[in-house]
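Comments concern the structure below.
The values are calculated or read from the model by the stated rules, or taken from the named source; none is laboratory data. Note that the structure is predicted; figures quoted are calculated from it, not measured. Please note: Cβ atoms are built from the backbone with ideal geometry, for glycine as well, and neighbour counts cover all protein chains shown. With ligands, DNA and RNA removed, areas are computed over all heavy atoms of the protein, side chains included. Shrake-Rupley method; radii C 1.70, N 1.55, O 1.52, S 1.80 Å.
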Amino acid sequence: METRRKPADSGIRGGDAGCGRALDSSGEGGTASGKAGVARKRARLIRQRLLASYDVERRSLPWRGESDPYRIWVSEVMLQQTRVETVVPYYEAWMARFPDLLSLAEAEEDEVLRAWQGLGYYSRARRLHRGARMVRERFAGSLPSDSAGLRDLPGVGEYTAGAVASIAFGEVVPAVDGNVRRVLSRLFDLSNPKPGQLRELAATLVDPDRPGDFNQAFMEFGSLVCTPRRPRCDTCPLASECLALERGTADERPAKPARNPVPAMDVVVLVAMAEDADGRTLLLLRKRPPKGLLAGMWEFPGVKVEGELDGPPRRQTPSLHPGAAQRLARELGVLVGQREPIELAPVIHAFSHLRARYRPYLVRPSPPASLEAPDGTPRWWVLEELEGIPLPVAQQKILRSALDATRG
Ligand code: SF4
């Protein structure tokens, strides 16, 4: 699996500078100048072999060979914490919709979120959008051309700045993502390296003539060869330089962080579905607040039910008392007589920091007199219009479940 993570800060330039100190993890004796010479030779060997392998075996990806900084920026943001195979169709659709920075800057936020829908971590899309507007207003539409300038953009950390600056502008600067961290930890047999140590090591390895290719080669190598599980050491072009292989510690490098239990959240969701005089299906949705989880996206109204459903979310749970759904329906003015809301199948969704279990309830009120509603309040949508608004994946599942229940 190839995913990329944001690293911490750097500032160290590539080439052989500082090579002796950074690369000397052998613990062998020798003079300082002798060690530095060995380290330089080793760095050269590693970068030559990585680039040689990359030149022959690199994958064909839509952003490969790209020189437009905007397109490289978008690809790097999409690749953060997301698999390459998942990103490819999103990247292509995005470029068809927002082919350049100005088209993104001019788009409405709903449109941007809609294009990102299903990719997750929506804050990335909002920051890209804000960044595009900032570049249009402050930099006359051209991205800053070095890593320091790129860091001023929202959501651009050390990793993204290094990747974009090296690939688009040829700056000799490292880009340490999760793949590179793992490879470095193994090459130098480091159990729990600090971000600064990794940056220093990566900076000594970056090829001064092909920094962008080198950074991509390093990440690709971690994704395809030096994989988290069962690295392909038997065919690895860096095997002769790998301390973890020599010491039999590759599977333990880097050390796995202790995992804290993921908190759980239960939400009772109300799906109010009506039919108007023309036979159109109407659904009541509300927009989430502009900050926080799934900011600015649309959802069925819901209420957290802390304390009612203790313990981690499971698919099979005792039937929930629909009281919360009824209260919500009453608040929204869509309670239907004495009939209880219909309980739909729960929807489980894992966010990065919590697991949510949505417990949807369906009510079938009379159609509203008007579809208009003041900003900030729930509003009715015609079913077909939902294609045009950003709806998180879990909400789409709830919608499908409600439609199945009414069609059955
Ligand atoms: Fe990774 Fe194995 Fe190559 Fe070492 S020898 S860099 S552990 S694939």
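Please verify whether E372 is modelled with pLDDT under 90, acidic (D, E) and over 14 Å from W298 (Cβ atoms), treating the condition exactly as stated. Spelling it out, E372 is indeed modelled with pLDDT under 90, acidic (D, E) and over 14 Å from W298 (Cβ atoms). The test for being away from the ligand (no atom under 16 Å from the Cβ), farther than 25 Å from A239 by Cβ and either open to solvent by less than 20 Å² (accessible area, probe 1.4 Å) or touching a Gly at 6+ places or on another chain (Cβ under 9 Å) (or both) holds for A165. Looking across segment 173-197 at every residue that is surrounded by fewer than 20 Cβ atoms within 10 Å (Cβ to Cβ) and more than 16 Å from the ligand (Cβ to nearest atom), the one that is farthest from S75 (Cα to Cα) is identified as N192. When every residue of segment 93-114 is checked against the conditions, none turns out to be over 30 Å from L386 (Cβ atoms) and at pLDDT 95 or above.
Just to be sure, is E200 among the charged types (D, E, K, R), away from the ligand (no atom under 16 Å from the Cβ), in contact (Cβ under 8 Å) with a residue 12 or more places away in the chain and over 22 Å from R83 (Cβ atoms)? So E200 fits the description; yes. Of the residues making up segment 225-253, those that are open to solvent by 20 Å² or more (accessible area, probe 1.4 Å), more than 6 Å from the ligand (Cβ to nearest atom) and either in contact with a strand residue (DSSP E or B) (Cβ under 8 Å, 6 or more places away or on another chain) or under 18 Å from R47 (Cα atoms) (or both) are T235, P237, S240, E241.
Of the residues making up segment 292-315, one or more are under 21 Å from D404 (Cβ atoms) and either more than 35 Å from the chain's Cα centre (by Cα) or modelled with pLDDT under 90 (or both).
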